[in-house]
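Computed from the coordinates by the stated procedures, all read-outs in this text should not be read as laboratory data. Here the structure is a predicted model, which means the values were calculated and not measured. So basically every Cβ, Gly included, is an ideal-geometry build from the backbone, and we count neighbours across all protein chains shown.
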């Protein structure tokens with residue numbers, strides 16, 4: 001019950017305050033207001049997330065969990081997309097449960113009841129999505145069925161998917177195909193190579209290419225790591241192909257034993273910003289062997305898009321570039337990106353200033369000039385003026401006659417100064433409307449009460465003439481008969 005109540009409150013808060021106040025002003029009875037309030041709560045629907053939006057929103061949590069628990073980020077994201085329907089499922093929305101994990105006898109936290117394999121099953125409920133991700137990682141890590149998965153390299157997402165299927169994570173016989181399909185479609189495996197976020201502390205023995213390693217924490221040095229692990233610092237520098245005295249950054253991989261002659265994968269396609277030493281660390285292969293297998297001289301780098309061999313020797317020498325030239329090119333790209341950023345920021349600032357000046361001019365003049373595509377509802381929302389007031393101040397009986405270039409006065413004073421508001425006689429306008437207008441087109445935000453007031457008719461007449469079951473059933477664009 002609590003989750004349903006919270007969800008309804010969240011939906012209600014999406015209703016625009018100005019529009020709600022406009023409705024309240026026109027309510028003839030408290031019952032009508034209550035009816036609209038309940039309708040807004042029940043029928044307001046939040047926009048749904050796409051897969052791309054889901055990935056952007058939760059990839060950082062998946063990466064952090066990968067380093068904490070050992071579950072590849074690509075696997076976690078793909079399961080989250082599939083199990084939570086991009087975060088749109090009822091379990092995800094009302095209970096932050098993105099992986100469909102059921103209560104089981106060991107769960108002591110909050111719960112939610114939902115139908116799955118059977119009617120009315122118990123599922124875990126979490127305070128946050130991050131808590132759901134963490135429990136998912138722990139669920140895999142602590143269950144013996146998935147122990148074989150943790151012997152795999154974190155970059156081997158295909159074997160991980162097969163392992164989950166074999167262990168019975170889901171009943172769908174094509175579960176592994178669905179997971180690998182999502183990973184490849186959205187390039188999720190790129191997050192398996194992401195650096196470790198600051199503040200993450202692995203809670204298990206970390207190995208890469210079956211070599212023990214640690215991730216450097218804030219303030220750590222090679223000497224400190226060597227002392228903590230009872231290893232000579234000279235060996236740490238050698239194992240990691242680092243010149244003596246090299247400083248390390250938080251999140252850097254630091255091997256505690258020698259790297260292998262072959263990498264953990266057969267090859268790697270070089271991406272922008274990657275260098276040979278970084279890849280030797282990522283795949284646990286000695287730097288000397290990486291140079292040798294690819295016929296590269298120490299200090300040379302390869303072009304973006306080059307297939308770098310990690311296990312076998314290649315036959316030809318790839319396109320190489322000196323370290324200095326690569327640094328120069330990267331600096332040029334960085335400078336160009338900075339310049340482009342500054343240009344866009346300046347353009348955005350100028351556009352905002354121009355828009356602000358235009359808005360100030362409109363506010364000072366007291367009127368808005370209609371443009372193509374405008375309507376009174378948008379104008380009322382933008383300038384925080386009630387629709388009823390706009391109609392009254394501007395002497396508008398029907399919006400059908402409005403055209404591009406017409407002035408819409410935004411205050412009673414401005415309208416009076418233009419000779420509109422003070423000369424407007426509502427009684428005469430109604431009489432004029434009764435004789436000239438027989439059909440009215442409903443504009444967005446317009447109420448039945450206002451229409452009846454404008455044409456001097458009552459709600460019973462409006463309902464009878466138009467076959468309406470309720471005055472609340474009118475909709476934007478609807479043609480209503482307002483006279484006999």
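Annotations for the structure displayed:
- C-alpha long axis of helix 51-69 to longest principal axis of the chain, angle in °: 40 degrees
- Burial ordering of 463, 66, fewest other beta-carbon atoms within 10 Å first: 463, 66
- Kirkwood estimate for segment 167-211, i.e. one over the average of 1/r between Cα atoms, Å: 13.6 Å
- Stokes-Einstein translational diffusion, segment 199-280 - Kirkwood Rh over all Cα pairs, 0.890 mPa s, 25 °C, in µm²/s: 179 µm²/s
- Residue 465-residue 375 FRET efficiency (beta carbon distance; Förster radius 41 Å; 0.05 resolution): 0.95
- Sorted from longest to shortest, the spans of the Cα atoms of segment 51-193 along the three principal axes equal 37, 32, 28 Å.
- When you count the other C-beta atoms within 10 angstrom of each residue and take the mean per peptide, 179-192, 110-123 line up highest first as 179-192, 110-123.
- Here, P(r) means the percent of Cα pairs in each 10 Å bin from 0 to the largest distance; for segment 310-373 it is 16, 20, 19, 14, 12, 10, 7, 2.
- Segment 63-102 - convex hull of the alpha-carbon atoms, volume per residue in Å³: 70 Å³
- Extending 7 Å from the Cα toward the beta-carbon at both residue 337 and residue 439 defines two label points whose distance is 5.9 nm.
- Shape analysis of segment 196-333 based on the Cα gyration tensor places the equivalent ellipsoid semi-axes at 27, 17, 14 Å, largest first.
- Mean Cα-pair separation over length for the chain, i.e. relative contact order, pairs under 8 Å, 6 or more apart, %: 9 percent
- Using a Förster distance of 22 Å, the FRET efficiency for residue 138-residue 174 (Cβ separation, nearest 0.05): 0.25
- From least to most packed, judged by other beta carbons within 10 angstrom and beginning with the fewest, 108, 399, 454 follow the order 108, 399, 454.
- Placing pseudo-labels 7 Å out from each Cα toward the beta carbon at residue 319 and residue 128 gives an inter-label distance of 4.6 nm.
- Where N is the number of residues in the chain, Cα Rg divided by 2.2 N^0.38 Å: 1.43
- Once the chain from residue 311 to residue 327 is taken as fully extended at 0.36 nm per residue, the excess over their C-alpha distance is 3.0 nm.
- Dmax and Rg, reported as Rg then Dmax, of segment 212-252 (C-alpha, Å): 9.2, 22
- Dimensions of segment 116-263 from C-alpha coordinates, computed as largest minus smallest value along each principal axis and given longest first, are 63, 37, 29 Å.
- Overall, the ratio between the Cα radius of gyration of segment 246-316 and 2.2 N^0.38 Å, rounded to two decimals, is 1.07.
- Range of Cα positions in segment 367-481 per principal axis (Å), largest first: 40, 29, 21
- With neighbours defined as other Cβ atoms within 10 Å of a residue's Cβ, the residues 160, 107 order from fewest to most as 107, 160.
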